[in-house]
Structures are given as C-alpha cells and as structure tokens.
Amino acid sequence: MNIVTTKEILAVVTLDRNKVAGQGLVFYAENEEELSETALLLARVLAAAVHDLKNGTMILVRH
C-alpha cells in the first residue's frame, strides 16, 4: 500500500525582509519574541507545524 504524503508551506515568519521572496504568505516580525509568538499563533490557526530555520525565519508546514 502506497501512502502519499504532501507537505505544504503555508506561511513564513521572518525578521529579515531580504531573506524571503516569492508569492506566499509572509509575516515580518520586529524581534525574536514576536517571531516566535506569531509563528505559534499562526500554527494553531492553520493547524500547522512550525520549523525554525535558525536564521531569523520560521516556516509553517502542513504535514
């Protein structure tokens, strides 16, 4: 039985406007605290997982 899983990036939260490009949903944070808080709140609303890229950017992914 083949199970296909699709992963989808739903949103990006970042501190640096120069690190993110594209047409996806992007939220800009002023500091690390706002970055984490925004990512966690969005994850709850979107039923997504938060992945910290360790460069001031977090992505929200639906697994």
Residue 56 versus (1) surrounded by 14 or more Cβ atoms within 10 Å (Cβ to Cβ); (2) modelled with pLDDT under 95; (3) on the phi > 0 side of the Ramachandran plot: which is the lone unmet condition?
(2)
For the structure I just gave you, tell me whether residue 43 is of a type in the set (Gly, Ala, Ser) and either modelled with pLDDT under 95 or part of a strand (DSSP E or B) (or both).
no
Exactly one condition in (1) outside any helix (DSSP H, G or I); (2) surrounded by fewer than 13 Cβ atoms within 10 Å (Cβ to Cβ) is false for residue 33; which is it?
(1)
Considering (1) without any contact (Cβ under 8 Å) to a residue 24 or more places away in the chain; (2) part of a loop (DSSP other than H, G, I, E, B), say which one residue 5 fails and leave the rest.
(1)
If you check every pair at least six apart or on different chains, which have Cβ atoms under 9 Å apart with a residue in the stretch 37-61 that is closer than 13 Å to residue 9 by Cα first and a residue that is of a type in the set (Phe, Trp, Tyr) second?
39/27; 42/27
Output for the stretch 8-25, where each listed residue is part of a loop (DSSP other than H, G, I, E, B), touching a residue at least 24 places away in the same chain (Cβ under 8 Å) and under 15 Å from residue 51 (Cβ atoms)
19, 20
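Is the stretch 2-13 home to any residue that is hydroxyl-bearing (Ser, Thr, Tyr) and surrounded by 14 or more Cβ atoms within 10 Å (Cβ to Cβ)?
Looking for residues that are hydroxyl-bearing (Ser, Thr, Tyr) and surrounded by 14 or more Cβ atoms within 10 Å (Cβ to Cβ), one finds none in the stretch 2-13, hence no.
The values are calculated or read from the model by the stated rules, or taken from the named source; none is laboratory data. No experiment lies behind these values; they were computed from the predicted model shown. Every residue, glycine among them, receives a Cβ derived from its backbone with ideal geometry; neighbour counts consider all protein chains shown.
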